[in-house]
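Student: Structure provided below as structure tokens; questions to follow.
Each reported figure results from applying straightforward, stated rules to the coordinates on display, with no laboratory input. Just so it is clear, the model here is predicted, and its values are computed rather than measured. Cβ atoms come from the backbone with ideal geometry, glycine included; neighbour counts cover every protein chain shown.
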Amino acid sequence: MALDSTAEAERLRRVALASAVAGLGLADAVLAAFVFTRRNPPAEPGSGPGLAELFPDEDRAALGAAAASAQALVQAAPGYGSRLLRRETAAPELVAEMGRDHPGFSPQSYSDVLFLGVQLAG
């Protein structure tokens with residue numbers, strides 16, 4: 001019996017997503033999940049694991065707050081990326097600006113978002 005390639009791809013995607021968020025604090029983990037999903041969407045929209053499934057032991061209010069903050073940063077990513085592409089602002093300054101505008105994430109997370117922003121803006 002042959003494996004369904006779509007089901008296998010989704011299984012592997014879930015494993016990669018779990019690996020992307022492993023060991024991170026809640027804010028960074030939620031942001032990493034959003035960035036991962038933006039770069040690697042599920043085969044069927046809405047079919048990937050939700051935040052409650054990814055973080056079953058987290059308080060729902062804290063998870064919701066982290067999701068709102070992460071979503072705002074991801075939505076702002078193309079603007080930061082565009083500014084970097086146009087050479088208006090250097091990467092370190094953009095990372096610092098993201099930290100002021102969207103506090104609560106690690107420097108690595110801001111760098112990941114800047115890279116995503118370059119991809120989306122380019």
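Student: Alpha carbon centre of the stretch 76-94 versus the stretch 105-122: separation in Å?
Tutor: Comparing the Cα centres of the stretch 76-94 and the stretch 105-122, I get a distance of 9 Å.
Student: Could you tell me which GluC sites (Glu not before Pro) in the stretch 21-122 are loop residues by DSSP with no more than 14 other beta carbons within 10 angstrom of their beta carbon? Don't skip to the end; give the middle numbers.
Tutor: Values: sites: GLU53, GLU58, GLU88, GLU93, GLU97; in loops: GLU58, GLU88.
Filter output for the stretch 21-122: GLU88.
Student: Over the stretch 5-121, calculate the relative contact order: mean separation of alpha carbon pairs under 8 Å at least 6 apart, over the residue count, as a percent. The partial results should precede the final answer.
Tutor: On the way: 111 pairs, mean separation 32.8, N = 117.
The normalised contact order for the stretch 5-121 reaches 28 percent.
Student: Among the trypsin sites (Lys or Arg not before Pro) within the stretch 1-99, which fall in a DSSP loop and have no more than 11 other Cβ atoms within 10 Å of their own Cβ? Numbers along the way, then the final one.
Tutor: Values: sites: ARG11, ARG13, ARG14, ARG38, ARG39, ARG60, ARG83, ARG86, ARG87; in loops: ARG86, ARG87.
Listed in order of number, the matching sites are ARG86, ARG87.
Student: Using the Cα centre as the reference, give the magnitude of the dipole from point charges on the C-beta atoms of the chain (Lys, Arg: +1; Asp, Glu: -1; all else neutral), rounded to the nearest 20 debye.
Tutor: Working: 10 positive and 14 negative charges, 78 e Å.
Roughly 380 debye for the chain.
Student: With Rg/Rh (Cα atoms, Kirkwood Rh) as the read-out, I listed (1) 1.72; (2) 1.79; (3) 1.02; which label goes with the value calculated from this structure?
Tutor: (3)
Student: Turning to a different aspect of this structure: Grab the Cα-Cα distance for ALA43 and GLU58, subtract it from 0.36 nm times how many residues apart they are, and report the gain in nm with one decimal.
Tutor: On the way: separation 15, 0.36 × 15 = 5.40 nm, distance 2.69 nm.
Contour length minus the Cα-Cα distance gives 2.7 nm.
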